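The values are calculated or read from the model by the stated rules, or taken from the named source; none is laboratory data. Everything numeric in this text was worked out from a predicted model, so none of it was measured. Neighbour counts run over all protein chains shown; Cβ positions are idealised from the backbone, glycine included.
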Amino acid sequence: MISNGSARQWWIASIVAVGLTGCADSRHQTLKELGFVRPYLEGYQDGCSSREQQADTYHDGFRQDPERMYSDGKYANGWQDGYEHCYAANQDYL
């Protein structure tokens with residue numbers, strides 16, 4: 001049986017996880033509605049995922065398409081923006 005304290009912690013963790021997932025989805029949707037093109041959005045998503053993974057695991061597990069970083073400026077700009085934005089967002093919780 002789960003104690004009241006454990007159940008409460010589980011609910012709080014669940015709400016935070018859902019809230020953070022919602023933020024990522026709404027951020028992507030907002031950028032899309034502002035007219036950012038698909039290569040930028042894909043780069044942004046990869047950059048943000050890389051920063052979040054690095055913060056969670058303390059490893060350099062980047063999600064990045066090296067060929068596109070050098071051949072597609074929109075992807076590269078999106079990746080850098082996503083990486084920097086998610087770093088700033090993580091700093092709010094440290």
message: Out of everything in region 30-45 that is under 15 Å from the mean Cα position of the chain (by Cα) and of a type in the set (A, V, I, L, M, F, W, C), what residue ends up being modelled with the highest pLDDT?
response: Leu41
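Out of Ser3, Ser14, report the one residue that is modelled with pLDDT under 90, surrounded by fewer than 10 Cβ atoms within 10 Å (Cβ to Cβ) and on the phi < 0 side of the Ramachandran plot.
Numbers: Ser14 fails: surrounded by fewer than 10 Cβ atoms within 10 Å (Cβ to Cβ).
The match here is Ser3.
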